[in-house]
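Notes for the one structure printed next.
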Amino acid sequence: MMTWKQFYDGYLCWSDSTVSSRLSQISDLQNADTTEIVDCCQCIDEALARRLLRKAEKVQLSFTYAQVAELAAFIGDEELLNTLAIAATGPCTQEVLEELNNNEIRDDVITNIAKRYNLQDPNEGAIWQPGVLQKQIDDLAESAGQLADNLNRINKNLEKQKRKKKSRWFAFLGVLGDSNRAKSSSGFRVGDHVRVKYRGQEGTIIDINGNLIMVSLDDGKHVDSYEASELEKAW
């Protein structure tokens with residue numbers, strides 16, 4: 001048999017087989033300093049470290065949350081780590097909780113620790129939680145719908161403004177053409193909406209010079225001149 005102090009003072013000089021043999025001989029592990037146990041686990045083979053931690057668990061030694069987070073960085077036994085985390089004592093900070101969450105500690109264990117110490121649960125709102133992903137999809141769809149509605153309103157307002165500008169433009173052209181209206185004996189006036197008989201195109205009269213009538217076609221995209229006999233009123 002040997003004490004923990006004897007083991008801790010000598011293990012660095014021993015082979016793995018000697019460490020394995022003398023782990024079984026420790027008689028007072030319940031009195032060991034958990035800081036020394038964590039330090040020892042970092043220096044010996046992982047399988048031996050797991051044996052030492054299980055012995056510590058059996059004698060009901062409690063590690064701090066920070067120590068469990070430190071052990072989780074090099075101990076790959078998820079079940080053992082969760083057992084140590086559940087039994088851990090002392091304060092826990094948000095930073096330590098994040099480390100535990102990133103190192104195989106179960107979500108329910110993380111949630112319980114967060115509630116106990118009034119910390120933010122790192123998994124709260126995570127997309128793998130039930131219903132969270134669907135809610136995000138629904139919110140995105142709602143936002144897309146609102147965006148579409150806003151774009152429709154903007155387009156409608158732009159169309160209204162465009163029609164108003166066009167009306168003012170034709171009214172202005174009408175004023176300019178007032179002096180020419182008396183010149184036309186065809187019955188057409190500036191501002192009349194007409195159709196080119198042989199093309200079927202429609203436009204608006206913007207000037208009359210004798211029998212020559214200037215028409216703005218296709219909403220002002222181009223202008224052409226016609227004789228009165230080539231036109232007819234479109235309304």
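The values are calculated or read from the model by the stated rules, or taken from the named source; none is laboratory data. Everything quoted here is computed from the prediction, not taken from an experiment. Backbone-built Cβ (ideal geometry, glycine too); neighbour counts: all protein chains shown.
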Please enumerate the residues belonging to the range 112-122 that are surrounded by 16 or more Cβ atoms within 10 Å (Cβ to Cβ) and without any contact (Cβ under 8 Å) to a residue 40 or more places away in the chain. A114, L119, D121, P122
What pairs come up if the first residue lies in the range 57-73 and is surrounded by 14 or more Cβ atoms within 10 Å (Cβ to Cβ), the second is small (G, A, S) and part of a helix (DSSP H, G or I), and their beta carbons are under 6 Å apart, counting only those six or more places apart or on different chains? S62/A87; V68/A85
What do you reckon, is Q25 in contact with a strand residue (DSSP E or B) (Cβ under 9 Å, 6 or more places away or on another chain), at pLDDT 95 or above and loosely packed, with under 14 Cβ neighbours inside 10 Å? yes
Which one is nearest to the chain's Cα centre (by Cα) among residues in the range 28-39 that are of a type in the set (V, I, T) and surrounded by 13 or more Cβ atoms within 10 Å (Cβ to Cβ)? V38
Yes or no: V19 within 18 Å of L100 (Cα to Cα) and surrounded by 14 or more Cβ atoms within 10 Å (Cβ to Cβ)? no
If I filter the range 217-229 down to residues being assigned to a loop (DSSP other than H, G, I, E, B) and of a type in the set (D, E, K, R), which single residue comes out as modelled with the lowest pLDDT? D219
Given the structure, is G187 at pLDDT below 75 and in contact with a Lys or Arg (Cβ under 9 Å, 6 or more places away or on another chain)? no
Residue tally, condition modelled with pLDDT of 85 or more and either of a type in the set (D, E, K, R) or touching a strand residue (DSSP E or B) at 6+ places or on another chain (Cβ under 6 Å) (or both), over the range 206-216: 7
Top-ranked residue of the range 209-228 - restricted to ones that are farther than 16 Å from H193 by Cβ and touching a residue at least 24 places away in the same chain (Cβ under 8 Å), ranked as nearest to the chain's Cα centre (by Cα): N209
